Amino acid sequence: MTTNTHSNKAGNPPGTGKSGPATRSHDAHITSEKEALTHLKNSTILGEDDSHSTIQGIAAALRRYAGLIKPANSLGALDIRKTMSSLALLLELADPKDKESAADQLKDAVTRAVDEAKEELKKTVQEEMAKMRTIAEATNTTVTENLAGLQNASTSQPAKPSYSSIAAGAISADARLVAQRAIQDRQVLLKIDPDDTNGGALRYEMDIPSTKKTLQSEIDKLNPKYKIRLVQKTRERGILIEMASEEGAEWLRTSMKNSELARTLGATVKDRQHHVLVKFVPITFDETKEMQDVLDDNDIDPKFYIKARWIKPVHRRRPEQRFGHMVFSFNNRDQANEIRIRGIIIHSQKRDVERLKDEPTRCLKCHRYGHIARNCIADEDTCGTCGETGHRTNACTIKDQRYCVSCQSDGHSSWDRGCPVFLRKCEEYDRRHPENTLPYFPSTEPWTWAPGGTPNIITKPATQHAKKMERKQKLQAKNRQTPQLGGDEEAANEETEDDSDMYGSQ
């Protein structure tokens, strides 16, 4: 018998023919010798010169077919049936004496193919199970490590970024601003009680060296590792202390609150305040009765909240007015930043919040810049609206006269926010206090230092109603040509002005 030299085409497994596996069940049945020979030759089971009329020839074809079966090969059921059907038909036509031997050979070939397929399937299943066990073990290890990491994180605080790392970071932070913030975090402002009857160790009349010595002596009794770097006096009978470290400043602030140290010194700590502007608050909101609900609804720690007030006094409201702006004050800049980012819920609606910028100090008695009314040396009051002397702005009855003390002109009032002197003073103030131009209160979070910085937090947009009210009030203000703050509104702000240049509000 001649050895077949034909090779099967790529992509057609043995026994499938050139056209691939059959797709219909009746295609697997061979009904004639011609069909059988055509299929076997196309499948390279029989060569062109192989004998198909003898049992030996058919047996050789069976052995060749069995040899083509590899563990990696997957033969379709229909394809196997078609091949075996072809061989069976030829056996029926072959010499009867050799049928029994051919049948045995056919049985052996089929048995071998089935056994090898079973072994391959068993091997594949075992390999997949081993892979799954490996993945499960790796997943279990990862979960265990993550849980351990979470447990460690819950018992330890992450390292606090330093101001030097912020200055050297990718965000362009003003080096002077970074230095100012670092100094402020080391400062503690003490207010001396003028009515102290317990003989406190501190007196505002003491000179700076004596004040520093007294303070350091009392601190050493409690914790000698914390040292004072600098002591200054403020205009409002305060003592501004700069500690050598931020840790020392935090310790002093904590120790001075409701403690024996405060009673010994006869002084209390004044917190640095961070003011935010809450826009379009319903005028039905009563901050004296409802503030606790606001703190609860917004998850605000009460120890960080100081006070809230309306920008415009109640008696200056228009009859049709339904909303007004408020100022919320906090002693923690992170809390103020969070409110600035997320807004605040009042009466079940979110209100937009902005940082309240500090402005140049203007006296409400003489209406000149650089001091406040309680320190004014003028002999009599000057009206900020009409410019006449003898009465204050909130007592003015003149409706058609405007005069600016700063400009010495009658084109506008002293409290007009379009006043050229006021605008120039604002620019000068921002140059001296660069952080006043930032939308957030600078902290150890890098994004708070960028001019347009924003954290990776998705916030809800302002309600359409709030936006509509904002546009309406802006239009009304433009038509009236009235300032945002003026008259009695200024008196409401006076309490935030003391010590602002050295410590005060932010």
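What follows is calculated from the coordinates using simple rules that are stated; it is not laboratory data. All figures in this text were calculated on a predicted structure; none of them were measured in a lab. Positions of Cβ are generated from backbone atoms using ideal geometry, with glycine treated the same way; all protein chains shown enter the neighbour counts.
Some observations on this one:
- Computed from phi, the 3J(HN,Hα) profile of the range 417-426 under the Karplus parametrisation 6.51, -1.76, 1.60 (θ = phi - 60°) reads 6, x, 4, x, 5, 4, 5, 5, 5, 5 Hz, with x in place of Gly and Pro.
- Gain upon complete extension [GLU33, ARG309; 0.36 nm per residue less C-alpha separation]: 88.9 nm
- Which of THR264, THR142 has the fewest Cβ neighbours within 10 Å, and the rest in rising order: THR142, THR264
- Computed E for GLN401/ILE377 - FRET, C-beta separation, R0 22 angstrom, nearest 0.05: 0.25
- Each label was represented as a point 7 Å from its Cα along the Cα-to-Cβ direction; for GLU218 and ALA244 these points are 2.0 nm apart.
- In nm, spacing of pseudo-spin labels at THR437 and ALA175 (7 Å Cα→C-beta vector): 1.7 nm
- Within the range 198-221, backbone nitrogen closer than 12 Å to the virtual label 7 Å beyond the Cα of ARG237 toward Cβ: 203-205
- Among 217-227, 431-441, 183-193, sorting by the average number of other beta carbon atoms lying within 10 angstrom of each residue, highest first, gives 183-193, 431-441, 217-227.
- With R₀ set to 60 Å, the beta-carbon distance separating ASP297 from LYS118 gives a calculated FRET efficiency near 0.30.
- Among the GluC sites (Glu not before Pro) found in the range 345-417, those both in a DSSP coil and sparsely packed, with 14 or fewer other Cβ atoms within 10 Å of their Cβ, are GLU380, GLU388.
- Residues ARG417 and LEU230, FRET efficiency given R0 of 30 Å [Cβ-Cβ distance, rounded to 0.05]: 0.25
- Spin-label model, ARG424/TRP447: points 7 Å from Cα along the beta carbon direction are separated by 4.0 nm.
- Highest-first packing order for the peptide set 113-125, 335-347 is 335-347, 113-125, based on the mean count of other beta carbon atoms within 10 Å.
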